[in-house]
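Heads up, the thing below is written out as structure tokens.
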Amino acid sequence: MERKVKVAAVSYLNTKPLLYGLRNHPVMDLMELSVDYPAKIAQQLVDDQVDVALVPVATIPRLKEYHIITDYCIGAEGPVASVCLFSDVPLSQIKRIYLDYQSRSSVALFKILLQEFWKLEVELVETTGNYEHLITGTDAGVVIGDRALVQRHKSIYIFDLAEAWMRLTSLPFVFAAWIANKELSDNFIRQFNEAVGIGIKHLPEVVAENPYEPYDLVTYYTKNISFPLTPAKRQGLSRFVKYLQEDKSFITRNIAL
């Protein structure tokens, strides 16, 4: 590919380690980088507006062709802290749940857990903008990313989606991976993978660059987020995609995946 590779990434705290090594790496001469929220860059990848993106893995069934091109991901092997159902009341008392518009993978995961793990019958409401102020009384909400870390200080009950997935499947969960919608050169993939891995080896520097009061980023990057795309995570990813493919009518109800 003679032109520069168009790369899109998520603009959340959880991606900072994966982006840290790109800045001063020679691979930047081979690419153009843009950042946005997960659902938007997923659509860009589907529409072939970008060549590779760090996207929610629920994007995979929508792609005509896909290639996971790095050894790193946004994953969790326990509580992830930043993808949660927040409520002022216990699960049994929730009547309505607002769904985060920024990540379709997280919403799809939530709907799997709602049916298979929590087994709740509630009203689901899709959102298009700010909705956290609506999480009150018997109205709950799925919140992801940096906003979820803030919401942890506001809600009485926090139900972590990655932890629930582990209890349901005994597998880790992959929220996002570096996915290409076409074949890329071996040289680009090698350099890109190398660059992405640099930040994982320099987490103290990443934390120092991103002061954040609502949540301890050392804990977040070392205890909550798990970056290596291990065989177990690949197995968890495959299990999740299988859910999407087998019960798509349920997963996509009220959601534009």
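The values are calculated or read from the model by the stated rules, or taken from the named source; none is laboratory data. Just so we're clear, the structure is a prediction, and the values are computed from it rather than from any experiment. Virtual Cβ from ideal backbone geometry, glycine too; neighbours counted across all protein chains shown. Note: areas computed on protein heavy atoms with side chains; ligands, DNA, RNA excluded. Shrake-Rupley method; radii C 1.70, N 1.55, O 1.52, S 1.80 Å.
Descriptive notes on the structure:
- Scanning segment 119-135 for residues that are in a helix (DSSP H, G or I) and open to solvent by 40 Å² or more (accessible area, probe 1.4 Å) returns His133, Leu134.
- In segment 149-187, the residues that are of a type in the set (Asp, Glu) and assigned to a helix (DSSP H, G or I): Glu163, Asp186
- Of all residues in segment 9-41 being assigned to a strand (DSSP E or B) and farther than 23 Å from Leu149 by Cα, the one that is most open to solvent (accessible area, probe 1.4 Å): Glu32
- Hits in segment 42-57 (condition: in contact with a Pro (Cβ under 6 Å, 6 or more places away or on another chain) and either surrounded by fewer than 22 Cβ atoms within 10 Å (Cβ to Cβ) or of a type in the set (A, V, I, L, M) (or both)): Ala42
- Test result for Arg190, free of Cβ contacts under 8 Å to residues at least 24 places away in the same chain and in a helix (DSSP H, G or I): yes
- Which listed residue is farther than 20 Å from Val7 by Cβ, touching a helix residue (DSSP H, G or I) at 6+ places or on another chain (Cβ under 6 Å) and either without any contact (Cβ under 8 Å) to a residue 24 or more places away in the chain or outside any helix (DSSP H, G or I) (or both), from Tyr221, Tyr215: Tyr215
- Segment 58-94, subset part of a helix (DSSP H, G or I) and polar (S, T, N, Q), residue modelled with the lowest pLDDT: Thr59
- The number of residues in segment 57-105 being among the aromatic types (Phe, Trp, Tyr) and closer than 22 Å to Lys182 by Cβ comes to 2.
- For segment 42-57, the set of residues classified as in a helix (DSSP H, G or I) and either touching a residue at least 12 places away in the same chain (Cβ under 8 Å) or more than 20 Å from the chain's Cα centre (by Cα) (or both) consists of Ala42, Gln44, Leu45, Val46, Val57, listed by residue number.
- Exactly one residue out of Ile225, Ile198, Ile251 is open to solvent by 20 Å² or more (accessible area, probe 1.4 Å) and either modelled with pLDDT of 95 or more or within 30 Å of Ile135 (Cβ to Cβ) (or both): that is Ile198.
- Any hit, segment 86-102, residues being among the charged types (D, E, K, R), closer than 30 Å to Thr138 by Cβ and crowded, with 22+ Cβ neighbours inside 10 Å: yes
- Selection over segment 136-171 of residues that are in contact with an Asp or Glu (Cβ under 9 Å, 6 or more places away or on another chain), buried (at least 24 other Cβ atoms within 10 Å of the Cβ) and either among the charged types (D, E, K, R) or more than 20 Å from Ser92 (Cβ to Cβ) (or both) gives a count of 4.
- Residues within segment 213-222 that are open to solvent by 60 Å² or more (accessible area, probe 1.4 Å) and under 13 Å from Asp146 (Cα atoms), tallied: 2
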